[in-house]
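Undergrad: Dumping the structure here so I can ask a few things about it.
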Amino acid sequence: MWRPAVRRFGFCSRCARKLIAEARLLRPASMATVTLKGVKKIYDNKVTAVHDFNLEIADKEFIVLVGPSGCGKSTTLRMVAGLEDISEGDLFIGDKRMNDVEPKDRDIAMVFQSYALYPHMTVYENMAFALKLRKLPKDEIDRKVREAAEILDITQYLERRPKALSGGQRQRVAIGRAIVRDPKVFLMDEPLSNLDAKLRNQMRAEIIKLRQRINTTFIYVTHDQTEAMTLGDRIVIMKDGFIQQIGTPQEVFNHPANLFVAGFIGSPQMNFFDAELTKSGSAYSLKVAGAVMALDGETQEKLASCGVESCKVIAGVRPEHITFAPDSAEHTLTGSVDVSEMMGSELHLHANVEGKDVVLRVPTTELPSEHRGGIPYGTQVHFTFRPDLIHLFNPENEQNLI
Ligand SMILES: Nc1ncnc2c1ncn2[C@@H]1O[C@H](COP(=O)(O)OP(=O)(O)OP(=O)(O)O)[C@@H](O)[C@H]1O
Ligand SMILES: [Mg+2]
């Protein structure tokens with residue numbers, strides 16, 4: 001390739017090769033796909049924290065790992081970062097296998113829950129530190145730090161020490177320190193969990209904006225399902241070191257793969273009932289606590305195409321998919337109000353149905369004016385389920401029936 005350049009411009013071959021090598025360095029970064037194949041982590045104490053983790057993350061995708069405490073989220077992230085060895089399986093960034101590559105050579109940046117700022121350095125020095133280590137020219141460091149500070153709106157704090165900043169400001173600095181490195185992959189482990197609820201919501205929106213501006217591949221860990229739903233292009237739901245489901249927020253919400261995902265995603269949590277599914281001819285009916293609930297045509301078709309016969313099931317229905325009925329009827333449940341939580345725009349109603357707590361979420365505007373402040377304890381209420389929004393699970397293996 002350099003030979004024509006030598007001929008055309010009269011460069012010596014050594015100069016031509018150097019020029020071409022520099023041009024290669026200037027090319028846009030290669031695709032930052034991240035692939036985990038059969039990745040497993042067994043700690044020294046024989047705890048298997050992650051089992052057979054398989055995931056292909058697209059270039060510039062925002063992936064969220066979510067699940068309860070101890071399910072292996074941080075372990076997975078730390079294996080991607082190179083802070084933990086991978087016990088089995090392969091990790092690729094782009095098409096390069098990374099298992100044995102030093103963390104500093106993986107072209108990733110990580111933001112931790114604890115911020116991990118250097119207390120004796122100013123904000124500016126904190127952000128510039130990694131670039132100084134890389135021996136970047138001073139004016140380039142200055143440009144990158146000021147650009148990141150601008151994006152994160154912390155320019156006015158550049159000369160302060162971390163201890164003179166609020167939690168949210170410190171977290172911005174921690175994110176800024178990662179941004180200046182122009183990483184191919186951005187890893188974040190519960191970056192917002194030290195912040196109060198209001199600041200957390202604000203920073204969540206900031207992260208969405210940040211993502212639009214820096215356009216990098218993100219892997220984000222949280223135990224908060226709202227954060228997962230609002231941030232992720234796709235969500236990976238984990239439990240006990242196993243992936244339970246991978247999907248877009250809509251997919252996991254509308255079609256949870258199993259009982260765990262159904263209960264984990266959505267707030268307040270989905271209601272579950274022991275129920276009986278009966279097939280007569282080609283039609284199915286669902287009996288829940290004495291009431292016969294209608295199932296819509298599409299659900300019935302899917303049940304039939306999955307070859308489901310009459311059986312015991314667990315029926316799940318989200319609090320917002322229960323609607324009031326005018327009076328007692330074959331397809332209604334009747335309960336007495338235990339707790340009525342006024343949330344402003346909606347009411348969370350706990351109704352006692354034969355000893356079972358059923359939660360309903362009712363927009364305040366749909367309530368008669370005398371009940372907009374809440375429904376008194378002991379009031380009898382009748383309600384039914386939206387026929388197209390009932391989820392059915394196998395009680396034995398807890399998998400979705402369709
Ligand atoms: N260094 C370690 N040595 C041994 N076991 C560990 C180590 N770190 C984590 N574990 C165990 O591995 C499992 C997964 O831990 P991990 O920190 O990945 O969970 P997590 O999903 O990040 O939880 P959290 O939401 O509480 O941060 C847990 O059972 C934990 O006790
Ligand atoms: Mg963790």
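Undergrad: Does region 238-259 hold any residues that are surrounded by 19 or more Cβ atoms within 10 Å (Cβ to Cβ), in contact (Cβ under 8 Å) with a residue 40 or more places away in the chain and either under 20 Å from Ser74 (Cβ atoms) or aromatic (Phe, Trp, Tyr) (or both), and which are they?
TA: Scanning region 238-259 gives Met238, Gly241, Ile243, Gln244.
Undergrad: Given the conditions (1) among the hydroxyl-bearing types (Ser, Thr, Tyr); (2) at pLDDT 95 or above; (3) assigned to a loop (DSSP other than H, G, I, E, B), report the number of the one that Ser114 does not fulfil.
TA: The one condition Ser114 does not meet is (2).
Undergrad: Say whether the condition of being in contact with a His (Cβ under 8 Å, 6 or more places away or on another chain) and not in a helix (DSSP H, G or I) is met by at least one residue in region 140-160.
TA: no
Undergrad: Among (1) in contact (Cβ under 8 Å) with a residue 60 or more places away in the chain; (2) of a type outside the set (D, E, K, R); (3) more than 16 Å from ligand 1 (Cβ to nearest atom), where does Tyr124 come up short?
TA: Tyr124 satisfies every listed condition except (1).
Undergrad: Ok, one more. Just a yes or no: is a residue in region 191-207 at pLDDT 95 or above and within 16 Å of ligand 2 (Cβ to nearest atom)?
TA: No, region 191-207 contains no residue that is at pLDDT 95 or above and within 16 Å of ligand 2 (Cβ to nearest atom).
Undergrad: For region 195-231, enumerate the residues that are polar (S, T, N, Q) and either within 16 Å of ligand 1 (Cβ to nearest atom) or not in a helix (DSSP H, G or I) (or both).
TA: Of everything in region 195-231, those that are polar (S, T, N, Q) and either within 16 Å of ligand 1 (Cβ to nearest atom) or not in a helix (DSSP H, G or I) (or both) turn out to be Asn215, Thr216, Thr217, Thr222, Gln225, Thr226.
Undergrad: A further question follows. What are the pairs, 6+ residues apart or on separate chains, where a residue within region 38-54 that is among the acidic types (Asp, Glu) has its Cβ under 8 Å from a residue that is at pLDDT 95 or above and exposed (fewer than 13 other Cβ atoms within 10 Å of the Cβ)?
TA: Going by the 8 Å Cβ cut-off, the qualifying pairs are Asp52/Gly38.
Undergrad: Limited to region 44-60, what total is found for residues that are within 16 Å of ligand 2 (Cβ to nearest atom) and more than 17 Å from Asp90 (Cα to Cα)?
TA: Residues that pass the stated criteria total 1.
Undergrad: Can you confirm whether Glu125 is more than 18 Å from Phe186 (Cβ to Cβ), not in a loop (DSSP other than H, G, I, E, B) and not basic (Lys, Arg)?
TA: Yes, satisfied.
Undergrad: Can you give me the ranges of the strands (runs of 3 or more DSSP E) entirely in region 292-402 with at least 2 residues that are under 16 Å from His255 (Cβ atoms)?
TA: Of the strands (runs of 3 or more DSSP E) lying wholly inside region 292-402, those with at least 2 residues that are under 16 Å from His255 (Cβ atoms) span 311-317, 391-393.
Undergrad: Now a separate question. Of the residues Ala351, Ala304, Ala329, Ala325, only one is over 28 Å from the mean Cα position of the chain (by Cα), free of Cβ contacts under 8 Å to residues at least 40 places away in the same chain and closer than 27 Å to Gln380 by Cβ; which?
TA: Of Ala351, Ala304, Ala329, Ala325, the one residue that is over 28 Å from the mean Cα position of the chain (by Cα), free of Cβ contacts under 8 Å to residues at least 40 places away in the same chain and closer than 27 Å to Gln380 by Cβ is Ala351.
Undergrad: Within region 109-128, can one find any residue that is among the acidic types (Asp, Glu), surrounded by 14 or more Cβ atoms within 10 Å (Cβ to Cβ) and under 29 Å from the mean Cα position of the chain (by Cα)?
TA: Checking region 109-128: not a single residue is among the acidic types (Asp, Glu), surrounded by 14 or more Cβ atoms within 10 Å (Cβ to Cβ) and under 29 Å from the mean Cα position of the chain (by Cα).
Undergrad: Right, another one. Residues that are modelled with pLDDT of 95 or more and in contact with a strand residue (DSSP E or B) (Cβ under 8 Å, 6 or more places away or on another chain): does region 12-34 have at least one?
TA: Taking every residue of region 12-34 in turn, at least one turns out to be modelled with pLDDT of 95 or more and in contact with a strand residue (DSSP E or B) (Cβ under 8 Å, 6 or more places away or on another chain).
Undergrad: Taking region 92-111, which residues are part of a strand (DSSP E or B) and touching a Ser or Thr at 6+ places or on another chain (Cβ under 7 Å)?
TA: Of everything in region 92-111, just one residue is part of a strand (DSSP E or B) and touching a Ser or Thr at 6+ places or on another chain (Cβ under 7 Å), namely Phe92.
The values are calculated or read from the model by the stated rules, or taken from the named source; none is laboratory data. Everything numeric here is computed off the predicted structure, so don't read it as measured data. As a convention, Cβ positions derive from the backbone with ideal geometry for all residues, glycine included, and neighbour counts pool all protein chains shown.
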